[in-house]
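What follows is a single structure, written as structure tokens, with notes after it.
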Amino acid sequence: MKKSAVLMVFLSFAFLAPSSGAAPGPVDPIELDTGASVGEAVSNVSPAGRQVITYKRDIPGGSATKLVERTNGKDFSAPVQLTDTTNAEEPEISFTPAGGVYAIWGVASSGAKAQQTYRSPGGDFTPAATVDNCGRFTDSAAGPDGQIAVACSRVTATTPPNSYGFSRVDALGPLTVSDSIIAPVYDNFIQPEIDWGADGTIVITGRFRNTTTNPPPANETTLVRYDIRNTANTLVSAGVISFATEPNEIFTGGTAVLDDGTIAVAVGGNAGARAFIRPPGAASAFTPQDLGAEAARGIQADDAQNLHVAIQNQGPPRVQWSRVRPPGGSFGTPVPIPLAGAGDPYLVDFDVAGDGTEYVIIRADDGTWVTSHSPGEVSFTTPKKIGGVTEGSPTGAVTPDNDLLISWVETPAPGDQRLYAGGFDSGKPPAVTVGSFPTKLHPGTEGSFSATAIDSMGVRATGWDFGDGTTALGDDATHTFPEAGRYEVKYIATDRAGNRAGESRTVEVFRTFAKKGVRITAIASPAMKVTARIAASKKALRRKPLATRNVKKPKERQVLRLKPKRGRLGKARAFRLRVRVTGTTAAGKVLSRSGSVKIRK
């Protein structure tokens, strides 16, 4: 017979510190598709963190536009085909707050109409359908309450034939564009852009040649126009932001709408890079702020409503910077963006994370490089290579965890094109959730351990260190400790950039009984006479106890040991012994307390 040992359980809960020197860096790339013709990869990330990559893929008889996606850094889905239209442009993707997805894309064929599809939360994409009065160039945006809006180029039946239009619906579904924003002109490369702010402000911008004669005049004028609408779809304001007449040029560098309705439009050209800022209010006007370079691109806001923009001089040599404007202020000192790689490297994408981290994707003759600039740092990091030589330009999209998803296509050999998903990790370690983590066990008893790790860029490996020289790979494991003792057990997760996190707890492995029998401590108030019994069942406590001990002298604290004869316990097996202690006061009052102890083989 063995006694119940005095058990003191010590628990410690502590997340493992991230790996030393955790900093933004490349993640392991994942090959998503391969074939004779794969291309035009575009990265998208929803506000909830769903990662969506669209790309083109040759199919028998033509080409198709496909989509893959994932959540929480898990495996990407099997490809979903959006359309088999050969000349489809890259889809413009919008995400509703409820989890719906809307996609629209133009078609680069004479007289062809744009196409659209959508997917309700938990559903499948609808078959691709045409969008009346939409042509090659499209853009879309989702509203704060699940609305959908599009802007697209149009080809009218008039002469001149080219314009662009706008339409919106109040819920996820198909759209039809019926109205033109501008009177038709001769410019079949109008590429409108649409943005929808958190306060309901909608802004449509378009750059177009204001040419109404054929052939065009010797000195054509290019306009950058804006149209502003509110949540009720009422036109608030419209007009020309800026213009240039040949031989001068003007180009747009993106539009951003802040949470309060402030609108920022970046432009570049012969007049230099400028940001036109319009405060909220129907009577407000755009005011230019000089950015000090030739071109501007990628203007966007972080969560603190700072505006970020990349500016550059085309060179040679190419020189580029980023600038940040705090709410209500002016753009600060330019921060140089370093270039890297062979040949003539150049900036192909500029993205801003919610925390204000800036990411720059650089395309060079020897591959794709990325550099980042965190808030408070004086300079960008040294560019790091993330992939090989690309077909087309890699594209990025920022996750809610402030990581950068990047997709690109490489051609390792003629006729062998491969789609990759990779990225740049912000340095944040994986988020760990513990399922089963026992903190007390017996020698020889199997314990079940489970935990999960989530990282937006994916998890490279997970595993367990049981503190006794043994380890196990994966999220789920079982382990048996042969000897009693205290063991520091760790679950460790490593993301695809090498950052580590986990959880550590002390597991107490103890023996239940010793040879001296069952040790019982009874505390009584007032002093009592004590009778203690142990038996194999509650019923046997009264009729057939295995051992009984009586202490007739009243005490406030009694320590008793009960040891049944070995023959009465039977063969070695695991079972519970029932314990009952009865105390009787001098006045004859009787109190009882019961419990149980576990016997192991």
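The values are calculated or read from the model by the stated rules, or taken from the named source; none is laboratory data. Since this is a predicted model, take the numbers as computed values, not measurements. When we count neighbours, we look across all protein chains shown, and the Cβ atoms used for this are built from the backbone with ideal geometry, even at glycine. The accessibility values were calculated without ligands, DNA or RNA, using every heavy atom of the protein model including side chains. Shrake-Rupley method; radii C 1.70, N 1.55, O 1.52, S 1.80 Å.
Values as computed for the structure displayed
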| read-out | value |
| --- | --- |
| Search result, residues across the range 86-98 that are assigned to a loop (DSSP other than H, G, I, E, B) and either aromatic (F, W, Y) or open to solvent by less than 40 Å² (accessible area, probe 1.4 Å) (or both) | E89, P91, T96 |
| Residues (in contact with a strand residue (DSSP E or B) (Cβ under 6 Å, 6 or more places away or on another chain) and open to solvent by 40 Å² or more (accessible area, probe 1.4 Å)) located in the range 185-204 | N188, E193 |
| Strands (runs of 3 or more DSSP E) fully within the range 407-454 counting 1 or more residues that are out of contact with any Gly (no Cβ under 7 Å at 6 or more places or on another chain) and open to solvent by less than 30 Å² (accessible area, probe 1.4 Å) | 416-425, 446-454 |
| Positions within the range 515-562 being in contact with a Gly (Cβ under 8 Å, 6 or more places away or on another chain) and open to solvent by 80 Å² or more (accessible area, probe 1.4 Å), in sequence order | K529, R561 |
| Subset of the range 243-258 that is surrounded by fewer than 20 Cβ atoms within 10 Å (Cβ to Cβ) and out of contact with any Asp or Glu (no Cβ under 6 Å at 6 or more places or on another chain) - its residue that is nearest to P326 (Cα to Cα) | F251 |
| Enumeration of residues in the range 284-300 that are over 34 Å from the mean Cα position of the chain (by Cα) and either at positive phi or open to solvent by less than 20 Å² (accessible area, probe 1.4 Å) (or both) | G292 |
| Residue satisfying all of: in the range 45-84; touching a residue at least 60 places away in the same chain (Cβ under 8 Å) and in a loop (DSSP other than H, G, I, E, B); nearest to the chain's Cα centre (by Cα) among these | G49 |
| Filter pass, F137 being modelled with pLDDT of 95 or more, within 19 Å of F208 (Cβ to Cβ) and not β-branched (V, I, T) | yes |
| Elements of type strands (runs of 3 or more DSSP E) in the range 245-347, at least 1 residues being in contact with a Gly (Cβ under 7 Å, 6 or more places away or on another chain) | 250-257, 263-269, 287-290, 295-301, 307-313, 319-325 |
| Subset of the range 71-85 [open to solvent by less than 40 Å² (accessible area, probe 1.4 Å) and touching a Ser or Thr at 6+ places or on another chain (Cβ under 9 Å)] | G73, L82, T83, T85 |
| Output for the range 106-154, where each listed residue is closer than 16 Å to F95 by Cα, hydroxyl-bearing (S, T, Y) and assigned to a loop (DSSP other than H, G, I, E, B) | S120, T126 |
| Selection from the range 488-500 of residues that are over 16 Å from T471 (Cα atoms) and either hydroxyl-bearing (S, T, Y) or open to solvent by less than 10 Å² (accessible area, probe 1.4 Å) (or both) | D495, N499 |
| Cβ pairs under 9 Å, 6+ apart, first in the range 358-381 and free of Cβ contacts under 8 Å to residues at least 24 places away in the same chain and open to solvent by 10 Å² or more (accessible area, probe 1.4 Å), second part of a loop (DSSP other than H, G, I, E, B) and among the aliphatic types (A, V, I, L, M) | P375/A304 |
| Sole exception among (1) surrounded by fewer than 20 Cβ atoms within 10 Å (Cβ to Cβ); (2) modelled with pLDDT of 95 or more; (3) farther than 29 Å from P26 by Cα; (4) not charged (D, E, K, R) for A304, by number | (3) |
| Subset of the range 99-112 (residues that are within 30 Å of N162 (Cα to Cα) and surrounded by fewer than 21 Cβ atoms within 10 Å (Cβ to Cβ)) | A108, S109, S110, G111, A112 |
| Some residue of the range 208-227 being open to solvent by less than 50 Å² (accessible area, probe 1.4 Å) and assigned to a loop (DSSP other than H, G, I, E, B) | yes |
| Residues that are open to solvent by 30 Å² or more (accessible area, probe 1.4 Å), modelled with pLDDT of 80 or more and closer than 30 Å to G356 by Cβ, drawn from the range 3-31 | P26, D28, P29, I30 |
| Number of the exception - V42 against (1) of a type in the set (A, V, I, L, M, F, W, C); (2) open to solvent by 20 Å² or more (accessible area, probe 1.4 Å); (3) not in a strand (DSSP E or B) | (3) |
| Contacts under 6 angstrom Cβ, first residue in the range 270-296 being over 23 Å from V319 (Cβ atoms), partner charged (D, E, K, R) and not in a loop (DSSP other than H, G, I, E, B), 6 or more apart | S284/R278; F286/R278 |
